[in-house]
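Accompanying notes for the structure given below.
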Amino acid sequence: MLRSAGSSSDPHRMGARRALLGLCVSAALVLAAEIAGPVAPARAADAKPALVVTMKDEAPFYHPNKAKIKVGQTVEWVNKGTTVHDVSTNVQNARNPKDVELPKGAKPFDSGFIPPGGKFSYTFTVPGQYKYFCVPHEDAGMVGYLTVEK
C-alpha cells in the first residue's frame, strides 16, 4: 500500500481505505463489463451439468461452496445475484495467489463477467483439487472448491 508522508498507520483508517479501494475496483469492473457487453466464454457443447453452483451477492457466495464431481462432468455456475460475478482459476487474475489451485496438467479458465441471470459452464477433464474465485469479489472471500475424481 502506498502512503504519503505523514499518513496515519491507524488500522481503522487503513481498513476504511482498503474497503474504499475494493469498492472502487468493483465499480470499475462492473462499468467495464457493461461497456464490453456480454462475454462469450468457452462452454461445453450441450453437456448437461452434473453440478449447478449458484452465485450470490453475500456469503456463502458460491453454493455449494465445496463439491465433488467426476472427470468429464460439467459444472454450471448461475449468477443469482444483482451484480456481475466471475469464475476464475487464472492466478494472473488473483490478488492472492493462494485463492487459486489447479491440479498438474489442468489449464486455467476464466468465465469473464457473468451478468445477473447469466450462466457459465465448464467441463473438467483433469482430476484433482480446484480452487476458484470471483475476480471482483475475491477480497470479500468469494472462493469456491471443487474436487474432480477419476
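Bear in mind these aren't lab numbers, they're just calculated from the coordinates by the rules spelled out. Note that the coordinates shown come from a computational prediction; the quantities given were computed from them, not determined experimentally. We place every Cβ from the backbone using ideal geometry, glycine too, and count neighbours over all the protein chains shown.
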Exercise. Could you give me the residue pairs with C-beta distances under 9 Å whose first residue belongs to region 125-146 and is outside any helix (DSSP H, G or I), whose second residue is among the small types (Gly, Ala, Ser) and buried (at least 22 other Cβ atoms within 10 Å of the Cβ) wherever it lies, and which are 6+ apart or on separate chains?
Key: Tyr130/Gly144; Lys131/Gly144; Tyr132/Gly144; Phe133/Gly144; Cys134/Gly144
Practice problem: Might you check whether a residue that is hydrophobic (A, V, I, L, M, F, W, C) and farther than 24 Å from Glu149 by Cβ occurs anywhere in region 114-124? | Solution: yes
Quiz item: List, please: which pairs have Cβ atoms under 6 Å, are six or more places apart or on different chains, and start with a residue in region 57-77 that is acidic (Asp, Glu) and end with one that is loosely packed, with under 13 Cβ neighbours inside 10 Å?
Solution: Asp57/Thr82
Quiz item: Which condition breaks for Asn93 when tested against (1) surrounded by 15 or more Cβ atoms within 10 Å (Cβ to Cβ); (2) over 15 Å from Gly144 (Cβ atoms)?
Solution: (2)
Exercise. List every residue pair whose Cβ atoms sit under 6 Å apart, with the two residues 6 or more apart in sequence or on different chains, where the first one lies in region 103-116 and is closer than 13 Å to Phe133 by Cα and the second, anywhere, is among the charged types (D, E, K, R) and part of a loop (DSSP other than H, G, I, E, B).
Key: Ser111/Asp86; Phe113/Asp86
Quiz prompt | Conditions (1) touching a residue at least 24 places away in the same chain (Cβ under 8 Å); (2) in contact with a helix residue (DSSP H, G or I) (Cβ under 9 Å, 6 or more places away or on another chain); (3) surrounded by fewer than 18 Cβ atoms within 10 Å (Cβ to Cβ): number failed by Ser88 | solution = (3)
Quiz item: For region 98-142, how many residues are under 21 Å from Ala50 (Cα atoms) and among the small types (Gly, Ala, Ser)?
Solution: 6
Practice problem: Being within 20 Å of Phe61 (Cα to Cα) and out of contact with any Asp or Glu (no Cβ under 9 Å at 6 or more places or on another chain) is the filter; apply it to region 117-139 and report the residue that is surrounded by the fewest Cβ atoms within 10 Å (Cβ to Cβ). | Solution: Gly117
